[in-house]
Every structure is written in C-alpha cells, then in structure tokens.
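Have a look at the structure below, then the notes.
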Amino acid sequence: MRLPPVRPLSFGAILLSALLVAACSNTRPLLPVAAYEKMIVGRVDADYVGTDNCVSRCHSHDKIADDFKHSVHGEQITPETGLPRVNCESCHGPGSLAIAHLETATDRHGDKAKCDSSTLLDLKKLPAQAQSMICLRCHSSASTPSLAHWPTSAHALHDVSCFACHRLHDGPQQKVNHEKMAELCYQCHPEVKTQFNLFSHHPVREKKMDCFDCHNPHGSTQPMLLKGSTVRDTCTRCHMDKSGPFVFEHGDVTEDCTNCHSPHGSVTRRLLTITMPYLCLQCHAGAHQRLLSQNPQEQAIFAQRCTDCHSMIHGSDTPDGLGKGTLRR
Ligand code: HEC
Ligand code: HEC
Ligand code: HEC
Ligand code: HEC
Ligand code: HEC
Ligand code: HEC
Ligand code: HEC
Ligand code: HEC
Ligand code: HEC
C-alpha cells in the first residue's frame, strides 16, 4: 500500500483531530493549538534538510541509519520523484537547526561541533497521545486497517502509545517481533505470564502461537481486544470442528467458550476453568436427579467425568437412542 507524502497542509486536519481527542478526555486541560503543533511537528522556524544531511552530518556511523535504510520505512521511495516518503524528519521533526552551526562552530575543546538534537522533537517526553499522533499522521485506518479501532482501544485510552510496542530502531524490523511479543506484553501484563505457565496452557511458551493470534492490541469491536466478532469466532478460526451450527447445540453456552475454558491457562486439564463434575453442576445442579431418585446406584455417575458419556459436549448432529439431544454421540 502506498501512502501520500506528508504535506504541511494536512496538519490542519491532524490538529483538528488532536483537539477532538483532547476535548473528549475532559480530565486533561486543552492545549493551545501552537503548543500542540510544536508537539507533533517540531520547531516551526526550522526547515527540512533530508535524511542524507541528517545521516552524513550526525549519524554517519550509526547502526540506526543502516538499519533504517533496510527497513520498510527506509524503503519507501516515490517513483515520480525518487524521494523517500518516510525519512528521519518524518518522525523527529525538521532538522535544519540541529545542523545549522556545524560549518562554523567548534566546541570548547576546539573539536568539530556536535549536532544539536535538542532542537528536534523530544519524542520520549511527549504525552502518549502526541507520540501516537506522529505515527497516525501516516497510519490512518485507511492505510492500516488494523488501526480502525485504535482511538477506543484499552491501550489508547490508558496512555499506551505506539512507541511502547514498536521499537523502530532495534533493527530493520518495524513490526513487533513474534518471538519476542509475549515478553513485550508481559512487561505490562505480568499476571498473564503466570497463566501461561500453568499446567494446561495454549502453546505460547512453546512459541507455536502468540498473543496476536487471539488479540488485536490496536483495538477491536469485542471486549478484551479480541479478534473476530464473538469469542466463538476468536476460537473457531483454529478449532473449526467446534464452530457448528449443530442440530443439537449445547444451549447457547458455546457462544462464549470461556464459560468452560480459561483461554490462557488453567490448573485443570483441557484448559477447563474447574474440574468436572463441578464445571457442569454449576448450571446442571439437578442433572440426573430423577434417575438418582429411581436408582440410588446412579450415584456412581458423579465419580466419572460427565464427558465420558456426554462426549459431544460442544454440540452434536446425532440424537441419542431416545431421539433426544443429550450430546452423547
Ligand atoms: C517512523 C518514525 C521514525 C523514523 C522514520 C526515524 N525515527 Fe529515530 N526514533 C523514533 C522514535 C519513536 C524514537 C524514540 C524511541 C524510544 O522511545 O526509545 C527514536 C529515537 C531515535 C534516536 C535516539 C535513540 C536512543 O536510543 O535514544 C536517534 C539517534 C534516532 N532516532 C535517529 C534517527 C535517524 C538517524 C533516522 C533516519 C535515518 C530516524 N531516527 C528515523 C522514530 C523514528
Ligand atoms: C511519513 C509517513 C509515516 C510515518 C510518520 C510513520 N510511518 Fe510507518 N509506514 C509508513 C509507510 C509508507 C509504510 C509502508 C506501507 C505500509 O505497510 O503501510 C509504513 C510501515 C510501517 C509498519 C509495517 C512494517 C512492515 O513490516 O509491514 C509499521 C509497524 C510501522 N510503519 C509503524 C510505524 C510507527 C510505530 C510509527 C510512529 C513512530 C510510524 N510507522 C510512522 C509511513 C509512515
Ligand atoms: C500493545 C502493543 C502495540 C501498540 C501500542 C501498537 N502496536 Fe502496532 N502492532 C503490534 C503487534 C503485536 C503487531 C503485529 C505484528 C504483525 O503484524 O505481525 C502490530 C502491527 C502493526 C503494523 C503492521 C501490521 C498491520 O496491521 O498493518 C503497523 C503499521 C502498526 N502496528 C502500527 C502501529 C501504530 C501506528 C500504533 C500507534 C497508533 C501501534 N501500532 C500501536 C503491537 C502494538
Ligand atoms: C506499556 C504497557 C503495555 C504493553 C507493552 C501492553 N499493554 Fe495491554 N494494556 C495496558 C494497559 C495500561 C491496559 C489497560 C488497563 C488494563 O486493562 O489492565 C491494557 C489492556 C490490555 C487488554 C485488556 C483490554 C480490556 O478491554 O480490558 C488486553 C487484552 C491487552 N492489554 C493485551 C496486550 C497485548 C496482547 C500486548 C502485547 C502485544 C500488550 N497488551 C502490551 C498496557 C500495556
Ligand atoms: C487462545 C487465545 C488467546 C491467546 C493466545 C491469548 N489470549 Fe489473552 N485473552 C483471551 C481471551 C478469550 C480473553 C478474555 C478472557 C475473559 O473474558 O475471561 C483474554 C484476556 C486477556 C487479558 C485481560 C484479562 C486478563 O486475564 O488479565 C489480557 C491482559 C490478555 N488477555 C493478554 C494476553 C497476552 C499478553 C497474551 C500473549 C502472551 C495473550 N493474552 C494470549 C484469549 C487469548
Ligand atoms: C491460533 C490458533 C488457535 C486459536 C485462535 C485458539 N486455539 Fe486453542 N489450541 C491451539 C493449539 C495449537 C492447541 C494445542 C494443541 C495441542 O497441543 O495438540 C490448542 C489447544 C486448545 C485446548 C486443549 C488444551 C489441552 O490441554 O489439550 C483447548 C480447550 C482450547 N485450545 C481452547 C481454545 C479456546 C477456548 C480458544 C479461544 C479463546 C482457542 N482455543 C483459540 C490453537 C488455537
Ligand atoms: C459447556 C462447557 C464447554 C464449553 C462452553 C466449551 N467447551 Fe471445550 N471442552 C469442554 C470439556 C468438558 C472438554 C474436555 C472434554 C474431555 O476431554 O473430556 C473440552 C475440550 C475442548 C478441546 C480439547 C479436546 C477437543 O475436543 O478437541 C477444545 C479444543 C475445546 N474444548 C474448544 C472449545 C471451543 C473452541 C469452545 C467454544 C466454541 C468450547 N470448547 C466451549 C467443555 C466446554
Ligand atoms: C454455563 C452453563 C452451562 C454449563 C457450565 C454446562 N451446561 Fe449443559 N446446558 C446448558 C444449557 C443452557 C443447556 C440447554 C438448555 C437445556 O436444555 O437445559 C444445556 C444442555 C445440556 C445437555 C442437554 C440437555 C437435554 O435436555 O437435552 C446436556 C447433556 C448437558 N448440557 C451436559 C453438560 C455437561 C456434561 C456439562 C459439563 C461438561 C455442561 N452441560 C456444562 C448450560 C450449561
Ligand atoms: C454413565 C453415563 C453418564 C454419565 C457419566 C453422565 N450422564 Fe448425563 N445422561 C446420561 C444418559 C444416558 C442421559 C439420558 C437420560 C434420559 O434421557 O433419561 C443423560 C442425561 C443428562 C441430561 C439431560 C436430562 C436431565 O437429567 O436433565 C443432563 C443435563 C446430564 N445428563 C448431565 C450430566 C452431568 C452434569 C454429568 C456429570 C455429573 C452427567 N450427565 C454424567 C448418561 C450419563
């Protein structure tokens, strides 16, 4: 997908949305427009000098510059002009003031002067919303559909910015590395790490899947940032045999698999929230009472797993011997 280069004119729209964001969260004071502009554009009295200038003057030996060249961002070149769509200054702000003094000045030891990075945007100190705005200028939901629900996501609403997950200068990779993703998420969600360490767990620890298989950290229409439109949807992309529809559904309980399963991990086999028969008796307190009153020997039933007989617990297309849907075959 190609994105248009950023033009100063489009900043009007950005400022408007910045102000809307600020206006919606009534806990924070509104910032004057000029302050916001400075926060996402940088010094308005500075000019853009281009990556070549930035790199040859200040970062010629930097691993950063080399990695950037090989990254998706560094590779964005407009065919018509041959100029990059994304360069150092797209995120760090205009750089002319940072290098203005280089030709003439020397530092107090008489060595060549260093670049003055204090005239660039102080990315790390910006408020989270302004940090994300740097990226959202280009990554609108039209160009990056997975960001469509970003503004209402638990992350955006709790001041987690794009920078928290995307470490753009850790190497040429700009996406979140799948191998390292779980560790990244555990930094802020330590309780989830404990869950994946339980006896029964989805194989995240074994690196066969990761958080992104079930969650979209950018936001979603479901609670808990889940992918798909229902919990059943989230799970049946992989567990297709459970998707139904079945002639004999298990009521509507399988709409939400978490009625019986802990999605991350559990001390009980098969990720069950609690062991049988208690799992089932939560909703079927009266199960087998009629049989029990007729034949006390039936008590033995509770010493077995309910699913030893009701093996089609997720739904069945076959009636039992009496033509009923007791989920036994
Ligand atoms: C797509 C946005 C983006 C682009 C393009 C970009 N950077 Fe950065 N850069 C960042 C962010 C975000 C940080 C702050 C990272 C952090 O939070 O530690 C940063 C930090 C830095 C730092 C400080 C590193 C540190 O460890 O403190 C340097 C130096 C730097 N960038 C140089 C460059 C150079 C040179 C280029 C062009 C070759 C460039 N950047 C292009 C987003 C960008
Ligand atoms: C000047 C425009 C611009 C800015 C600012 C920008 N990006 Fe990008 N970004 C692009 C373009 C263009 C692409 C490549 C096309 C695409 O994948 O959408 C891209 C791709 C990416 C990718 C996908 C990499 C891949 O391998 O597919 C990630 C992740 C990303 N950007 C994150 C960020 C983050 C985080 C920021 C803010 C620090 C940011 N970008 C700021 C233009 C920009
Ligand atoms: C909580 C962590 C987290 C935050 C915050 C976050 N991302 Fe991501 N992002 C991810 C993960 C995980 C992926 C999935 C990696 C993949 O596609 O393989 C991803 C993928 C992407 C991609 C490439 C894949 C795609 O969907 O097109 C882009 C572009 C991107 N993020 C941009 C952003 C921008 C811009 C922001 C801030 C508005 C942001 N991200 C905030 C974790 C995060
Ligand atoms: C910088 C810290 C940080 C990082 C990194 C982070 N999160 Fe979060 N996450 C939060 C905060 C803060 C909240 C909102 C408060 C809460 O629910 O705990 C949250 C909420 C969530 C929620 C619950 C959403 C809800 O509706 O309650 C999920 C799911 C989630 N994060 C998944 C992830 C995943 C997956 C990753 C890694 C790709 C990740 N987070 C990385 C800070 C972070
Ligand atoms: C198999 C799918 C699946 C995977 C993989 C998965 N999650 Fe979840 N996660 C869920 C579901 C479903 C819920 C909602 C649980 C509920 O509603 O009881 C959830 C809830 C959460 C929550 C909020 C509630 C809580 O337990 O604190 C966080 C945070 C979270 N997940 C983070 C992560 C992280 C981090 C990873 C990767 C290490 C991850 N998840 C991997 C399915 C998954
Ligand atoms: C990305 C694919 C994927 C998604 C999505 C997924 N699972 Fe799984 N699930 C797996 C894999 C892989 C295993 C391990 C299979 C194995 O070890 O043989 C597994 C195993 C299980 C098990 C059996 C665990 C055991 O101890 O044998 C249950 C129960 C389960 N998943 C439920 C769920 C639920 C509930 C959801 C939705 C919240 C879900 N899964 C979403 C891939 C997935
Ligand atoms: C009414 C409770 C209940 C609900 C709801 C439920 N399950 Fe299960 N599930 C079980 C029980 C009990 C077992 C263990 C069966 C056994 O091994 O005896 C199980 C086992 C599994 C297994 C591993 C064994 C197998 O059959 O493959 C997977 C995978 C699974 N469930 C996925 C799901 C998915 C996906 C959903 C949501 C669509 C879901 N479950 C909803 C009770 C439930
Ligand atoms: C969250 C509540 C819930 C849990 C937990 C639950 N069920 Fe159900 N079950 C239902 C509902 C609702 C129905 C459909 C309404 C009905 O017919 O009673 C149903 C129907 C059934 C039926 C068919 C009843 C009939 O009359 O045809 C059987 C058999 C059954 N469940 C067995 C089990 C077993 C075994 C477990 C444990 C693995 C279990 N259920 C766990 C709610 C639950
Ligand atoms: C030895 C096999 C067996 C075991 C073990 C078993 N069931 Fe059943 N269950 C049956 C049979 C057979 C029927 C059909 C009886 C009928 O239609 O009169 C049935 C019917 C049911 C029904 C629907 C009729 C009713 O009584 O409401 C429910 C609900 C049910 N069982 C739940 C459970 C639960 C919960 C457990 C675990 C505590 C369990 N069953 C263990 C064989 C078993």
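The values are calculated or read from the model by the stated rules, or taken from the named source; none is laboratory data. Quick caveat: nothing in here was measured; it's all calculated off a predicted structure. In this analysis, Cβ positions are derived from the backbone assuming ideal geometry, glycine residues included, and neighbour counts consider all displayed protein chains. With ligands, DNA and RNA removed, areas are computed over all heavy atoms of the protein, side chains included. Shrake-Rupley method; radii C 1.70, N 1.55, O 1.52, S 1.80 Å.
Brief remarks on what is shown
- You will find that of Q187, Q195, the residue that is within 16 Å of ligand 1 (Cβ to nearest atom) and not in a loop (DSSP other than H, G, I, E, B) is Q187 and no other.
- Scanning the range 29-65 for residues that are surrounded by 16 or more Cβ atoms within 10 Å (Cβ to Cβ), among the polar types (S, T, N, Q) and more than 13 Å from S90 (Cα to Cα) gives a single hit, N53.
- Condition met for A130 (in a helix (DSSP H, G or I) and modelled with pLDDT under 90): no
- Looking only at the range 159-173, and only at residues there that are of a type in the set (G, A, S) and under 15 Å from the mean Cα position of the chain (by Cα), the one that is surrounded by the most Cβ atoms within 10 Å (Cβ to Cβ): S161
- Among residues of the range 245-300, those that are assigned to a helix (DSSP H, G or I), touching a helix residue (DSSP H, G or I) at 6+ places or on another chain (Cβ under 9 Å) and without any contact (Cβ under 8 Å) to a residue 60 or more places away in the chain, counted: 12
- Selection of the range 147-158 for residues being assigned to a helix (DSSP H, G or I), more than 12 Å from ligand 4 (Cβ to nearest atom) and open to solvent by 50 Å² or more (accessible area, probe 1.4 Å) yields only P151.
- Flag for R290 being closer than 30 Å to F199 by Cβ and among the basic types (K, R): no
- In the range 122-146, the residues that are more than 14 Å from S90 (Cβ to Cβ) and more than 12 Å from ligand 1 (Cβ to nearest atom) reach residues that are at pLDDT 90 or above and in a helix (DSSP H, G or I) with C-beta atoms within less than 6 angstrom, at least six apart or across chains, in these pairs: S141/L147.
- If you go through the range 230-261 and pick out every residue that is more than 14 Å from ligand 8 (Cβ to nearest atom) and open to solvent by 80 Å² or more (accessible area, probe 1.4 Å), you end up with 6.
Let's see how each residue does on (1) within 42 Å of the chain's Cα centre (by Cα); (2) at pLDDT below 90; (3) under 17 Å from P245 (Cα atoms):
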position	(1), (2), (3)
G286	no, yes, no
R290	no, yes, no
N295	no, yes, no
E298	no, yes, no
I301	no, yes, no
H310	yes, no, no
H314	yes, no, yes
G325	yes, yes, yes
R329	yes, yes, yes
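- Residue match in the range 300-308 (condition: open to solvent by 60 Å² or more (accessible area, probe 1.4 Å) and within 30 Å of A156 (Cβ to Cβ)): no
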